[in-house]
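Student: Please read through the structure below; I'll follow up with questions.
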Amino acid sequence: MGRTNLLLSELGFGGSNVGAVEDDEEALVTAFSQGITFVETGRAYQGSELAVGNVLKRLGARADSVHVASKTLGRSRDAALRDLEQSLHYLGRRSLDIYQVASVGDEEWEHVMATGGAWEGLQEARDNGLIRFIGISSHSLDVLRKAIKCGRFDTVQLKYSAFDSRSASLIRLAHKHDVGTIGMKPFGGFGMLGSLKHSPYAATLNASTLLRYVLSNHLISVSIPGMRFPREVEENVQTAASYDLMTTAARVRLQNQAKCFLASVPHPLVRKPRQRNA
Ligand SMILES: NC(=O)c1ccc[n+]([C@@H]2O[C@H](COP(=O)([O-])OP(=O)(O)OC[C@H]3O[C@@H](n4cnc5c(N)ncnc54)[C@H](OP(=O)(O)O)[C@@H]3O)[C@@H](O)[C@H]2O)c1
């Protein structure tokens, strides 16, 4: 994964929707036992860090092969360090592989990077051995471009799927600068597959084709679909283990299908995640 040199499964686990109920832990157990070695969670995903921490504890020594990334919505040094302390507690680790400043908007970049900003806190945490690498996640292509070019981030997390491939040039740029890339929302975001299910597009736009689309971009370090059920993990692992590279023409066809679907349902029904306990 870029300059981190972490060796990860190309299919990772997006943890934003686990942790609402105890059963969610089974999806994580299945993932780690089937060879997924990267999980992404976040301080703001409440029960998620706790669920990941519980499962890592259950794995015992096998947990050493799992790389963990989490993130903070804090923008100041102090807020980021406070969140990190909590993340370490819930995840049950002395140190995390990657800690990210999450969802940084255009107007927040300067603040995050200023003296006393979140980046400074994470640098301090890295110096103190609490984290190994510093990352950032954003929906702003401008912020991501700055993050890649400034040389101060080891990883960037960006939206990348057949529904939204605008970050493709940034993935190439990150590769050139040896910055690791984490592809979020590979199925178009939580709820998209549910909306597609009963549409005329279900045969072409499904978990298997959408996952093949992102995995066929070999410049991206890891893609992290959200998964709540063991059967989803099994299906996605099966796809990742056996897919043929999608040709450029097939990728463009899928993007066009995705565009047509979005145009046919201006506001795709996005089902809300279940309530979380804590
Ligand atoms: N930094 C940020 O700003 C940010 C924002 C959003 C997300 N993220 C990260 O990106 C990850 C992924 O995003 P996401 O969960 O919103 O979107 P996504 O990965 O595009 O979609 C996830 C949903 O797809 C469904 N799914 C997964 N595998 C399936 C399968 N084989 N068959 C049928 N359905 C399947 C599940 O829905 P059901 O659970 O309903 O079955 C799952 O919750 C998050 O978990 C999080 O780690 C980061």
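Nothing in this text is a laboratory measurement; each read-out follows from the coordinates by a stated rule. Since the structure is predicted, the reported quantities are computational estimates derived from the model, not experimental observations. FYI the Cβ positions are ideal-geometry reconstructions off the backbone, even for glycines, and counts take in every protein chain you see.
Student: Compute the length gained on full extension between Asp178 and Val29: take 0.36 nm times their separation in residues and subtract their Cα-Cα distance, giving the result in nm to one decimal.
Tutor: Here the segment from Asp178 to Val29 would lengthen by 50.5 nm.
Student: Which of Ile131, Gly15, Phe187 sits farthest toward the positive end of the charge dipole of the chain, with +1 on the Cβ of Lys and Arg and -1 on the Cβ of Asp and Glu?
Tutor: Phe187
Student: Taking a label point 7 Å from the Cα of Asn5 along the Cα→Cβ vector, which residues of region 162-184 have an amide N closer than 18 Å to it?
Tutor: Taking a point 7 Å out along Cα→Cβ of Asn5, the residues of region 162-184 whose backbone N falls under 18 Å are 177-181.
Student: Then there is this: For the chain, what does the relative contact order come out to in percent, with C-alpha contacts under 8 Å and a separation of six or more?
Tutor: Relative CO of the chain lands at 22 percent.
Student: Suppose each label sits 7 Å from its Cα in the direction of the beta carbon; what would the Leu219-Thr248 distance come out to in nanometres?
Tutor: 1.2
Student: Moving on. Starting from the Cα-Cα distance between His89 and Leu73, subtract it from 0.36 nm times their residue separation and give me the gain in nm to one decimal.
Tutor: Gain on stretching His89 to Leu73: 4.1 nm.
Student: Over region 44-152, calculate the relative contact order: mean separation of alpha carbon pairs under 8 Å at least 6 apart, over the residue count, as a percent.
Tutor: With pairs under 8 Å counted, the relative contact order is 27 percent.
Student: Continuing with this model, one more query. Just the number, please: percent antiparallel of the DSSP beta bridges in the chain, rounded to the nearest 5.
Tutor: DSSP beta bridges in the chain are roughly 5 percent antiparallel.
Student: Separate question: Roughly how compact is the chain, stated as its Cα Rg over 2.2 N^0.38 Å to two decimals?
Tutor: 0.96
Student: In sequence order, what are the phi-derived ³J(HN,Hα) couplings for region 203-212 according to the Karplus relation 6.51 cos²θ - 1.76 cosθ + 1.60 with θ = phi - 60°, rounded to whole Hz, with x for glycine and proline?
Tutor: 5, 9, 9, 9, 4, 5, 5, 5, 6, 4
Student: Please enumerate, by chain and number, the aspartates and glutamates with C-alpha under 13 Å from the C-alpha of Lys71, excluding those fewer than 8 residues away in the same chain.
Tutor: Lys71 reaches Glu40, Glu49, Asp83, Glu85, Asp97.
Student: Can you give the FRET efficiency to the nearest 0.05 for Ala168 and Thr204, using r as the Cβ-Cβ distance and R₀ = 30 Å?
Tutor: In this case the efficiency is close to 0.90.
Student: Let me ask something additional. Separation between the Glu234 and Cys260 pseudo-spin-labels, each 7 Å from Cα along Cα→Cβ, expressed in nm?
Tutor: With each label point 7 Å from Cα toward Cβ, the separation is 3.3 nm.
Student: Given region 78-133, what whole percent of its Cα pairs are spread farther than 16 Å?
Tutor: 39
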